[in-house]
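Read through the structure below, which is laid out as structure tokens, and then see the notes.
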Amino acid sequence: MSKKCDVIKDLLPLYADEVCSDESRREVEEHIRACPECKAELEKLRWNVAVSPQKDADVLKRIKRRLRIEKLVVCLIALVTVLVIAAGSVMLLTDKLVSVDYEEIVHHDPISVEVDDNGDAWLLFDPADADIISTGVADENANVFGEDDFDKEKKSSYLVFFMKRKITDFGHVNYCNNKKARYLLFNSEEHPEFKNVFYWDVNDKEKHIIWERG
């Protein structure tokens, strides 16, 4: 290696960074045209200067972009989770089944019982009044099945009461020309013990007669 090469190699970093003087630049360019070793050293410097920092910058950009995306995904998952929990809590707190008072029903559309030619006793009602229809029996002393004083040998009354969800007022099946729904209670010939049908207000234990035999 000549002393000239030593001088040029000292100038190559400045030349690669484009900060050398015009005179030094011309001297380097003239030398590398005739010196493959110094030309190769210059190419190596250019690769390190031009490519590696850019590659590192691209890697950092990709990492930052991925971190932003992951942070956004985590935030969206947290938001969806909160919304689901909130919606579930609202449903649990508001969509409860509650008993329907008789006065609430008859205020706009009274309920009734109709016995057909086959002896089947049908409850006729507005489908908007009930999500669930529950029934029971009572004895001749008005004791309801399930109470301590109920006498199953003396049952004489059939009881009906409605349950309705607080926040739902749709999805009701209507079987009678969009006016009245029909619900089969019992066959009056097969159950002669039932002399009447009452609507039972579960909350205040009041019984409202809606049908009597004969």
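Rule-based calculations on the coordinates, nothing more; no lab input. Just so it is clear, the structure is predicted and the values come from calculations on it, not from any experiment. Virtual Cβ from ideal backbone geometry, glycine too; neighbours counted across all protein chains shown.
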Residues whose built amide H sits under 5 Å from the amide H of Ser156, excluding neighbours closer than 5 in sequence, are Ala138, Asp139, Glu140
Which whole-number percent is the relative contact order of the range 3-50 (Cα, under 8 Å, 6+ apart)? 45 percent
Residue order, fewest to most beta carbons within 10 Å, for Trp122, Trp200: Trp122, Trp200
Computed P(r) (all Cα pairs; the range 102-212; 10 Å bins; percent): 13, 45, 32, 9, 0
Taking the mean number of other Cβ atoms within 10 Å as a proxy for protection, how do you rank 67-74, 102-109 from highest to lowest? 102-109, 67-74
Val80 and Leu45 label points (each 7 Å along its Cα→Cβ direction) are spaced in nm at 5.6 nm
Cα-Cα over 24 Å, subset of Lys155/Lys180; Lys3/Lys44; Lys96/Lys179: Lys155/Lys180; Lys96/Lys179
How big is the gap, in Å, between the Cα center of the range 120-145 and the Cα center of the range 1-31? 106 Å
What is the set of long-range amide H partners of Ile210 at a cut-off below 5 Å, with H atoms built 1.01 Å from backbone N? Val197, Phe198, Tyr199
Points 7 angstrom from Cα along the Cβ direction at Ala34 and Ala142: gap in nanometres? 12.9 nm
Residues in the range 97-114 reached by a label modelled at Glu206 [backbone nitrogen below 18 Å; 7 Å Cα→Cβ]: 99-112
Using the Karplus equation 6.51 cos²θ - 1.76 cosθ + 1.60 (θ = phi - 60°), what ³J(HN,Hα) coupling, rounded to whole Hz, does each residue of the range 27-34 give in order, writing x for Gly and Pro? 5, 5, 5, 5, 6, 6, 5, 10
Any idea how far apart Lys154 and Glu189 come out in nm if each label point goes 7 Å out from Cα toward Cβ? 3.0 nm
